[in-house]
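The values are calculated or read from the model by the stated rules, or taken from the named source; none is laboratory data. In this text the structure is predicted, and so the values were computed from the model without any measurement. Here Cβ is always computed from backbone atoms with ideal geometry, including for glycine, and neighbour counts include all displayed protein chains. In case anyone asks, the SASA skips ligands and DNA or RNA and just uses the protein heavy atoms, side chains included. Shrake-Rupley method; radii C 1.70, N 1.55, O 1.52, S 1.80 Å.
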Amino acid sequence: VAQNVYDDPEFFAAYARLDRSVHGLDGAPEWPTLRAMLPAPAGLRVVDLGCGYGWACRWAAEEGAASVLGLDLSEQMLARARTDTPQGMRITYRRADLDHVELDAGAFDVAYSSLALHYLTDLPRLLGVVHAALVPGASFVFSVEHPLRTAPSHPAFVDGPDGTPVWPLDRYLVERPVTVDWLAPGVVKQHRTIATYVTGLLDAGFALERLVEFRPSDEQLAARPDWAEELDRPSFLLVAARRA
Ligand SMILES: C[S@@+](CC[C@H](N)C(=O)[O-])C[C@H]1O[C@@H](n2cnc3c(N)ncnc32)[C@H](O)[C@@H]1O
């Protein structure tokens, strides 16, 4: 059973204070890179898996998507998405657990997911459902928390021998649920290797098109020097695949 920590009041309040919650896509440093991996949504039927506040749903609708379906487990995230979405946009929000979701065959031209799939316990099932829900040639573009972040048994920078902070990588090949204190105690994520994401896609029948370990641009680093830690330990794995 999925954890649904986004409906926990303490977590939800803390999430609302994140840059990406306040500023939306402009507050997500990886968004320009992810957007460039997406097809232009004009005229396409889009599904957003784990849509959260619906920022990407509204972007796709504004870009002329024929329809957008935003799915999320959290009632509170969906309530916020509905509040923030102007009347008349071609967006439907629906509550769904991505570990159990059913989608109609061939119902979508693009599937998108930002930072949700690392919560799922049954990734192969979801990949199969998405594959069947896409028309041949359609794109599946997603981001997940980078496995270098979810692997360590103690995921926090420590002082290295010369006092420089280092990321204590261990347990990389041990796939497992990991429990972290992030915005609230006891948040459960699923640690998987990069190879598992890639072979999962290939096994489901996707062709891999692009895989990006997000690095902030020099301009972003000049504006946000604190993002330099991304060079030691990337936070975002971005993937573009196509239904063969
Ligand atoms: C980090 S937020 C990202 C939200 C949005 N995609 C974005 O990038 O702004 C992760 C989202 O995944 C949703 N989520 C987590 N587990 C889920 C599941 N099993 N089924 C559906 N949604 C889930 C959460 O409720 C949350 O809205």
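Numbers for the structure displayed
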| item | result |
| --- | --- |
| Two-site FRET efficiency, E229 against T121, from Cβ-Cβ distance with R₀ of 35 Å, rounded to 0.05 | 0.75 |
| Scattering profile of the stretch 48-103 at q = 0.31 Å⁻¹ [log10 I(q)/I(0), Debye over alpha-carbon scatterers] | -1.28 |
| Whole-number D in µm² s⁻¹ for the stretch 16-126, Kirkwood Cα-pair radius fed into Stokes-Einstein, 4 °C, 1.567 mPa s | 91 µm²/s |
| Cα-centre dipole for the stretch 34-105 with unit charges at Cβ (Lys and Arg positive, Asp and Glu negative), debye to 20 | 260 debye |
| Fluctuation leader among A16, A36, A111 - the chain, Gaussian network, Cα springs under 10 angstrom | A36 |
| Sum of -39500 (n - 2.57) over DSSP H runs of 4+, divided by residues of the chain (222 nm, nearest 500) | -7500 deg cm²/dmol |
| Dipole-positive endmost among P185, L25, L71 within the chain (Cβ charges, Cα centre) | L71 |
| Compactness of the stretch 141-241 as Cα Rg over 2.2 N^0.38 Å, two decimals | 1.19 |
| E209 accessible area, 1.4 Å probe, all protein chains in place, Å² to nearest 10 | 100 Å² |
| Whole-number accessible area per residue in Å² for the stretch 160-244, which is evaluated in the context of all protein chains at 1.4 Å | 55 Å² |
| Ratio of Rg to Rh over the stretch 132-195 (Cα coordinates, Kirkwood Rh, two decimals) | 1.13 |
| Among beta bridges that DSSP assigns inside the chain, antiparallel share in %, nearest 5 | 50 percent |
| Spin-label zone in the stretch 202-217 - amide nitrogen under 13 Å from a point set 7 Å from the Cα of A244 along the C-beta vector | 202-209 |
| At 0.692 mPa s and 37 °C, Stokes D of the stretch 1-65 from Kirkwood alpha-carbon radius, µm² per second | 247 µm²/s |
| Distant alpha-carbon pairs in the stretch 86-130 (separation over 16 angstrom), percent | 46 percent |
| The chain: proportion of alpha-carbon pairs further apart than 23 angstrom, % | 50 percent |
| Sulfur and carbon atoms: percent of accessible area, the chain [1.4 Å] | 54 percent |
| Accessible surface of L25 - all protein chains present, 1.4 Å probe, nearest 10 Å² | 40 Å² |
